[in-house]
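S.K.: Quick one: the structure is below, questions incoming.
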C-alpha cells in the first residue's frame, strides 16, 4: 500500500474570508466575477481542477 498523498487542495478562492482557514493558499476576492477569474486561472496555473463549493467559494484540487 502506497503512503503518498494523491489528492489534495491546492487553493481556496472565496468572497467570504470567514469560511476559509488552514494550511493552503487562500485568495479573498471582492466579487463573484473576480472569484471566477481567479478560479479559472489558478486551475490552469496549478494544473488542478476548480470545484464550486456554494456561491462564494471554489477549491482547486489536485486529483
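Values quoted throughout were computed directly from the atomic coordinates according to the rules given, and no laboratory measurement underlies them. This one's a predicted model, so the numbers in the text were calculated from it and none came from an experiment. Here the Cβ is made from the backbone with ideal geometry for all residues, glycine too, and neighbour counts use every protein chain on show.
S.K.: Name the single residue, out of those in the stretch 4-19 being within 17 Å of residue 55 (Cβ to Cβ) and within 10 Å of the chain's Cα centre (by Cα), that is surrounded by the most Cβ atoms within 10 Å (Cβ to Cβ).
M.R.: First, pick out the residues of the stretch 4-19 that are within 17 Å of residue 55 (Cβ to Cβ): 12-19.
From what is left, the residues that are within 10 Å of the chain's Cα centre (by Cα) are 12-14.
Numbers: 12: 21, 13: 28, 14: 21.
The residue in question is 13.
S.K.: Residues in the stretch 24-63 that are more than 10 Å from residue 13 (Cβ to Cβ), surrounded by 16 or more Cβ atoms within 10 Å (Cβ to Cβ) and in contact with a helix residue (DSSP H, G or I) (Cβ under 8 Å, 6 or more places away or on another chain): how many?
M.R.: Residues flagged as more than 10 Å from residue 13 (Cβ to Cβ), surrounded by 16 or more Cβ atoms within 10 Å (Cβ to Cβ) and in contact with a helix residue (DSSP H, G or I) (Cβ under 8 Å, 6 or more places away or on another chain) within the stretch 24-63 amount to 1.
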